[in-house]
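Worksheet: the structure to be examined is printed underneath.
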Amino acid sequence: MTDSSRANVVETRNVWKIFGDRAGEALEAVRRDNLSKDEVLERFDAVVGVRDVSISAGAGEIFCIMGLSGSGKSTLVRHINRLIEPTAGEILVNGVNVGMLKPEELLAMRAESIGMVFQNMALLPHRTVRDNIAFALELRNVDIFTRNNVADKVIELVSLKGYGDRYPSELSGGMQQRVGLARALAADPDILLMDEPFSALDPLIRRGLQDEFLELSASMKKTTLFITHDLDEAIRMGSRIAIMKDGEIVQTGTPEEIVTKPADDYVADFVAGISKLRLVYAHTVMIHIEEFESRGSKLPAIEECPRAHPEDDLDKLIGLAVNQENPVIIMDDSTPVGVVTKDALLRGIQGET
Amino acid sequence: MSSDDDIRKPFLEFAGPNGAYYANVFLKIQKATLNRTHLNPVALVGSFVWAALRGSWLLFTIGFVIDLVAAINVALYFKFAKAAVDNVDRAYLVERYEGWSESHIIAAVVIFILGRLLFSWLADRLYVIQYNRWRINNSVNSGVSLTRLVIVTIVSVLIVPPMIYRASQFSPDARTCIKQDRAIDRGEEVSFKARFDCFAIGEFPTLFWIDRPDQISFPRDENGERIVQRTPPREGSPPVNLNTLVAQKIDDGIGYVTVFYAFLFDEITRLLRTMLTAITSVFVGTPWPVTMGVLLFVAYRMAGIRTTIFVGASLIYLALFGFWQTAMDTLSLVVAASIICVVIGLPTGIWVGKSKRAQFIVTPILDVMQTIPSFVYLLPAIAFFSIGKPPGILATVIFAAPPMVRLTALGIRQVSEDTKEAALAFGANPRQLLTKVELPLALPSIMAGINQVVMMSLSMVVIAALIGAGGMGYIVTEALENTETGRGVLAGVGIALLAMMIDRVVQKANLGRR
């Protein structure tokens with residue numbers, strides 16, 4: 001459900017990355033014979049990191065890239081700011097081909113339009129929190145007064161007020177990652193690259209930071225590429241999710257699409273354990289009113305039935321169906337469009353629609 | 001099949017012949033119930049032959065060396081016993097040889113008996129390790145194999161006879177062999193045994209002789225300009241070996257460079273002298289109350305009160321024993337050398353830390369700089385820079401610079417890739433990466449390098465004094481010449497205190513910053 005009117009802020013077109021001395025040769029062979037990752041490793045001593053990936057993220061969108069370790073997600077995201085050069089393909093940031101940038105322009109782009117957050121924080125231990133946050137500004141030779149001002153504002157934004165003069169080692173893991181986030185936000189970039197930012201944190205702190213980030217993101221509207229190996233997190237954070245395996249994108253879609261229509265067994269396996277309560281909506285599980293009637297079932301009087309909207313999720317439908325003899329009627333405005341029986345509801349929770 | 005058989009099965013499979021015995025012993029080892037004095041009887045008799053059959057090359061080496069050493073001692077016994085008989089008319093030789101032959105036969109018996117006991121004690125205990133390796137990798141030697149026995153026989157035939165022969169003969173000295181070579185050249189008869197002895201025992205034979213090269217000298221011509229003059233060797237002068245040839249070439253090279261590039265060395269000497277004078281004027285030129293006060297203040301600010309007390313006590317020692325001026329002299333030498341080490345070592349270290357190729361080139365050079373005996377480069381240093389403080393500084397730099405390079409490189413390399421990646425992701429250019437990330441993070445290591453440089457510079461002051469660098473080292477060398485133990489010890493303690501003083505202050509300062 002891409003909003004086609006939104007301009008793509010970040011886009012990759014058929015990006016390939018093969019590591020190894022014989023990458024060029026390997027690329028040709030892979031394209032010609034469609035070799036697998038193992039075959040390439042054996043024949044060319046080269047590792048396929050990213051395999052023909054085309055993705056696009058629109059302005060303000062949180063685009064999640066989900067995959068297990070070694071699936072190439074971190075490699076892919078490092079192409080966006082050209083920390084890694086692609087073997088083939090193009091990367092467009094705000095419509096500019098990143099591969100064509102001159103060194104000086106590339107540095108400017110990294111400092112001004114792309115912020116990055118790392119799994120292991122990668123803060124500079126010899127600098128205070130404030131100096132860490134102002135790092136990108138300092139690299140662009142912004143004067144000390146301005147950058148301290150900016151840093152202090154961002155410090156407040158990530159609720160670290162009063163910690164500006166501490167050193168990272170004095171902070172807890174969660175707080176350190178707030179510093180990491182603040183550092184990425186300080187230069188007010190359009191784009192955030194988040195490489196498993198919350199994976200190293202314990203679950204409670206992770207949830208808190210996820211919520212905070214969602215709030216921040218809603219107000220700041222930064223295009224975010226969010227990498228995670230955790231499908232739950234991807235579903236919570238992402239407006240869209242791309243699932244990667246062996247360097248390839250297996251499926252791209254909204255969380256609901258991924259959960260309800262997994263593209264293959266690999267995705268289905270992932271999705272199996274995911275709670276559908278907040279991901280599946282009434283319009284997916286309902287039986288259309290005509291079909292319901294054509295089965296010869298009798299529809300009880302609408303007034304005696306609980307009613308819901310097509311965009312209501314299963315969680316809400318369950319709440320309505322409890323202690324009710326009658327099925328839930330789905331109303332679009334004031335016309336009934338479908339019926340959710342208890343059977344359909346239970347099947348929906350199981351993920352079978 | 002009972003469970004006991006199950007347990008024994010892999011042991012039996014591994015050991016092959018006589019498996020029941022090994023299964024029993026290995027089981028005891030695993031249960032930790034093996035008798036402490038347990039010996040393997042077959043190994044006691046069979047020694048290295050047993051080890052070879054069983055394919056344990058470690059045990060084979062141990063057993064072989066024990067028996068070989070015993071056998072060599074027997075040969076030595078016979079050699080000296082025979083020599084005692086041959087020299088019967090010279091009583092003092094007879095006494096000496098009989099003493100030696102007696103001690104060798106005792107050694108032979110003791111080594112043989114104790115060695116065999118040790119071997120058979122080790123045998124099963126090491127053999128079980130081989131079994132453990134075999135469990136992991138089935139290609140590890142197992143069972144008994146006659147092929148291995150054949151290999152061992154060949155090896156023994158190649159090693160044992162020459163060893164025993166060598167032990168039973170007096171080796172000819174170099175002069176005897178050279179005389180023999182000449183004799184052969186003149187066409188005289190030389191016995192095969194004499195030739196063989198010269199070739200195979202004693203010094204590695206000189207395989208080829210080279211014509212003596214031209215003598216090179218650098219006299220002045222009629223205009224007073226230096227010229228290169230070659231004098232061919234005298235007719236009939238003997239050929240030289242490789243060592244003599246290359247040594248002479250090196251002499252020629254050094255001579256050439258000193259004569260024709262003197263201006264270069266003069267320039268370096270001048271530079272070093274200027275630098276040293278500037279530093280010396282600070283340390284020596286300042287009245288002692290001022291210097292002492294400043295040193296104490298610096299120590300206090302950098303390292304706290306306890307170190308300051310130590311520094312104070314050391315300074316008082318130097319002052320009371322009349323070493324103040326000399327100590328300051330030494331200190332200026334050390335400071336000058338350290339500054340040069342840092343100026344050269346820091347950039348080199350950064351280069352080495354960042355480039356694999358640089359590491360490949362520089363590491364062996366550093367190894368040579370640190371391990372080559374200092375006297376070796378004192379000689380060319382004198383040739384190039386004559387005697388005095390400048391060559392002393394240079395010799396010190398050669399010895400003390402490597403840790404600076406190494407520790408800087410180590411510090412740079414230790415900066416984690418993640419941190420560097422983060423800096424790059426925020427738009428750092430290479431210079432910013434170095435100055436804002438790598439160098440600050442490498443600083444503790446760099447400071448340790450500076451500390452090492454200072455320590456090693458101080459350890460060179462005595463040697464530098466040999467070529468006229470003066471200072472505390474001079475007192476030590478003078479004391480050495482005149483065997484004035486007392487003075488030497490006092491100056492030596494002074495040098496040690498100087499070193500400890502600097503070390504404590506720098507270390508404490510380094511810890512405090514972290």
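The values are calculated or read from the model by the stated rules, or taken from the named source; none is laboratory data. Values in this document were obtained by computation on a predicted structure and should not be read as measured data. Every residue, glycine among them, receives a Cβ derived from its backbone with ideal geometry; neighbour counts consider all protein chains shown.
From A:L68, A:L92, which residue is surrounded by fewer than 22 Cβ atoms within 10 Å (Cβ to Cβ), assigned to a strand (DSSP E or B), more than 14 Å from every other protein chain (Cβ to nearest Cβ) and in contact (Cβ under 8 Å) with a residue 12 or more places away in the chain?
Every option except A:L92 fails the conditions.
State all residues of segment A:248-274 that are out of contact with any helix residue (DSSP H, G or I) (no Cβ under 7 Å at 6 or more places or on another chain) and of a type outside the set (D, E, K, R); if no residue qualifies, say none.
Scanning segment A:248-274 gives A:I249, A:T252, A:G253, A:T254, A:A263, A:Y266, A:A268, A:A272, A:G273.
Give the residues of segment B:121-152 that are surrounded by 14 or more Cβ atoms within 10 Å (Cβ to Cβ), of a type in the set (S, T, N, Q) and more than 36 Å from the chain's Cα centre (by Cα), sorted by residue number.
B:N141, B:S142, B:S145 - these are the residues of segment B:121-152 that are surrounded by 14 or more Cβ atoms within 10 Å (Cβ to Cβ), of a type in the set (S, T, N, Q) and more than 36 Å from the chain's Cα centre (by Cα).
So for segment A:95-112 (the condition being at pLDDT below 90, outside any helix (DSSP H, G or I) and away from chain B (no Cβ under 14 Å)), does at least one residue qualify?
yes
Restricting to segment B:418-467, name every residue that is closer than 22 Å to B:V342 by Cα and at the interface with chain A (Cβ under 7 Å from one of its Cβ atoms).
Once the filter is applied, which keeps residues that are closer than 22 Å to B:V342 by Cα and at the interface with chain A (Cβ under 7 Å from one of its Cβ atoms), segment B:418-467 yields B:Q432, B:V437, B:P440, B:L441.
Consider B:N482 carefully, then state whether it is exposed (fewer than 14 other Cβ atoms within 10 Å of the Cβ) and over 29 Å from the mean Cα position of the chain (by Cα). Lay out the reasoning, then the answer.
On the way: exposed (fewer than 14 other Cβ atoms within 10 Å of the Cβ): yes; over 29 Å from the mean Cα position of the chain (by Cα): yes.
For B:N482, the condition - exposed (fewer than 14 other Cβ atoms within 10 Å of the Cβ) and over 29 Å from the mean Cα position of the chain (by Cα) - is met.
Taking the residues in segment B:384-418 that are in contact with a helix residue (DSSP H, G or I) (Cβ under 6 Å, 6 or more places away or on another chain) and β-branched (V, I, T) as candidates, determine which candidate is nearest to B:L439 (Cα to Cα).
Of everything passing the filter in segment B:384-418, B:I412 is nearest to B:L439 (Cα to Cα).
Whether any residue in segment A:96-114 is closer than 30 Å to A:E256 by Cα and loosely packed, with under 15 Cβ neighbours inside 10 Å is what I want to check. Show your work before the answer.
First pass over segment A:96-114, keeping only residues closer than 30 Å to A:E256 by Cα: A:114.
Checking which are loosely packed, with under 15 Cβ neighbours inside 10 Å leaves us with none.
No.
If I ask for residues that are more than 8 Å from chain B (Cβ to nearest Cβ) and in a loop (DSSP other than H, G, I, E, B), which ones from segment A:133-155 would you list?
Taking segment A:133-155 and keeping what is more than 8 Å from chain B (Cβ to nearest Cβ), we get A:133-134, A:137, A:141-155.
Of everything in segment A:133-155, those that are more than 8 Å from chain B (Cβ to nearest Cβ) and in a loop (DSSP other than H, G, I, E, B) turn out to be A:A134, A:N141, A:V142, A:D143.
Conditions first: (1) more than 10 Å from chain A (Cβ to nearest Cβ); (2) assigned to a helix (DSSP H, G or I); (3) surrounded by fewer than 20 Cβ atoms within 10 Å (Cβ to Cβ); (4) not β-branched (V, I, T). B:G470 passes all but one, so which condition is the exception?
All conditions pass for B:G470, except number (2).
Got a sec? Which helices (runs of 4 or more DSSP H) wholly within segment B:325-440 have at least 3 residues that are within 30 Å of the chain's Cα centre (by Cα), buried (at least 19 other Cβ atoms within 10 Å of the Cβ) and among the β-branched types (V, I, T)?
The qualifying helices (runs of 4 or more DSSP H) are B:389-414.
Is it the case that segment A:118-132 has a residue that's assigned to a loop (DSSP other than H, G, I, E, B), within 10 Å of chain B (Cβ to nearest Cβ) and in contact with a strand residue (DSSP E or B) (Cβ under 8 Å, 6 or more places away or on another chain)? Reasoning before the result, please.
So the first thing to find is which residues in segment A:118-132 are assigned to a loop (DSSP other than H, G, I, E, B), and the list is A:118-128.
Retained after the next criterion (residues that are within 10 Å of chain B (Cβ to nearest Cβ)): A:118-127.
Those still in the list that are in contact with a strand residue (DSSP E or B) (Cβ under 8 Å, 6 or more places away or on another chain) too: A:118-119.
Checked segment A:118-132: at least one residue is assigned to a loop (DSSP other than H, G, I, E, B), within 10 Å of chain B (Cβ to nearest Cβ) and in contact with a strand residue (DSSP E or B) (Cβ under 8 Å, 6 or more places away or on another chain).
Only one residue in A:K261, A:K342 is basic (K, R), out of contact with any Asp or Glu (no Cβ under 9 Å at 6 or more places or on another chain), without any contact (Cβ under 8 Å) to a residue 40 or more places away in the chain and assigned by TED's automatic domain parsing to the domain that holds A:M244. Which one? Break it down stepwise before answering.
Numbers: A:K342 fails: assigned by TED's automatic domain parsing to the domain that holds A:M244.
Exactly one residue qualifies, and that residue is A:K261.
State the number of residues belonging to segment B:67-87 that are among the acidic types (D, E) and surrounded by 17 or more Cβ atoms within 10 Å (Cβ to Cβ). Step through it out loud before you land on a result.
Taking segment B:67-87 as the starting set, the residues that turn out to be among the acidic types (D, E) are B:67, B:86.
So of that shortlist, the ones also surrounded by 17 or more Cβ atoms within 10 Å (Cβ to Cβ) come out as B:67.
Here the count works out to 1.
Scan segment A:263-270 and tell me whether some residue there is assigned to a helix (DSSP H, G or I) and touching a Leu at 6+ places or on another chain (Cβ under 6 Å). Lay out the reasoning, then the answer.
So the first thing to find is which residues in segment A:263-270 are assigned to a helix (DSSP H, G or I), and the list is A:265-270.
Keeping just the survivors that are touching a Leu at 6+ places or on another chain (Cβ under 6 Å) gives A:270.
Scanning segment A:263-270 turns up at least one residue that is assigned to a helix (DSSP H, G or I) and touching a Leu at 6+ places or on another chain (Cβ under 6 Å).
For segment A:261-301, name all the residues that are surrounded by 12 or more Cβ atoms within 10 Å (Cβ to Cβ) and either touching a Pro at 6+ places or on another chain (Cβ under 6 Å) or basic (K, R) (or both).
Those that are surrounded by 12 or more Cβ atoms within 10 Å (Cβ to Cβ) and either touching a Pro at 6+ places or on another chain (Cβ under 6 Å) or basic (K, R) (or both): A:K261, A:A268, A:V271, A:K276, A:R278, A:L279, A:A282, A:H283, A:I289.
Could you identify the single residue in A:D230, A:D195 that is crowded, with 22+ Cβ neighbours inside 10 Å, touching a Phe, Trp or Tyr at 6+ places or on another chain (Cβ under 9 Å) and of a type in the set (D, E, K, R)? So that I can check it myself, show each step before the final result.
Numbers: A:D230 fails: crowded, with 22+ Cβ neighbours inside 10 Å.
Among A:D230, A:D195, only A:D195 is crowded, with 22+ Cβ neighbours inside 10 Å, touching a Phe, Trp or Tyr at 6+ places or on another chain (Cβ under 9 Å) and of a type in the set (D, E, K, R).
Is there a residue being more than 28 Å from the chain's Cα centre (by Cα), polar (S, T, N, Q) and surrounded by fewer than 15 Cβ atoms within 10 Å (Cβ to Cβ) anywhere in segment B:501-514?
So far as segment B:501-514 goes, no, none of its residues is more than 28 Å from the chain's Cα centre (by Cα), polar (S, T, N, Q) and surrounded by fewer than 15 Cβ atoms within 10 Å (Cβ to Cβ).
Closer than 23 Å to B:E421 by Cα, among the polar types (S, T, N, Q), assigned by TED's automatic domain parsing to the domain that holds A:R236 and buried (at least 16 other Cβ atoms within 10 Å of the Cβ): is that true of A:S74 in this structure? If you could, list the steps in order and put the result at the bottom.
Working: closer than 23 Å to B:E421 by Cα: yes; among the polar types (S, T, N, Q): yes; assigned by TED's automatic domain parsing to the domain that holds A:R236: yes; buried (at least 16 other Cβ atoms within 10 Å of the Cβ): yes.
Taking the combined requirement at face value, the residue satisfies it.
Determine whether segment A:91-106 contains at least one residue that is within 18 Å of the chain's Cα centre (by Cα) and within 17 Å of A:A187 (Cα to Cα).
Yes, some residue in segment A:91-106 is within 18 Å of the chain's Cα centre (by Cα) and within 17 Å of A:A187 (Cα to Cα).
Hey, which of the helices (runs of 4 or more DSSP H) in segment B:1-83, taking only ones fully inside, have at least 3 residues that are under 17 Å from B:G115 (Cα atoms)? Break it down stepwise before answering.
On the way: elements: B:3-15, B:19-31, B:41-54.
Here the list reads B:41-54.
Of the residues B:D252, B:D197, B:D266, which single one is in contact with a strand residue (DSSP E or B) (Cβ under 9 Å, 6 or more places away or on another chain) and either free of Cβ contacts under 8 Å to residues at least 40 places away in the same chain or among the β-branched types (V, I, T) (or both)?
Working: B:D197 fails: in contact with a strand residue (DSSP E or B) (Cβ under 9 Å, 6 or more places away or on another chain); B:D266 fails: in contact with a strand residue (DSSP E or B) (Cβ under 9 Å, 6 or more places away or on another chain).
Just one listed residue meets the conditions, B:D252.
Being within 11 Å of chain B (Cβ to nearest Cβ) and in contact (Cβ under 8 Å) with a residue 60 or more places away in the chain is the filter; apply it to segment A:165-203 and report the residue that is farthest from A:N149 (Cα to Cα).
Once the filter is applied, the top-ranked residue is A:D195.
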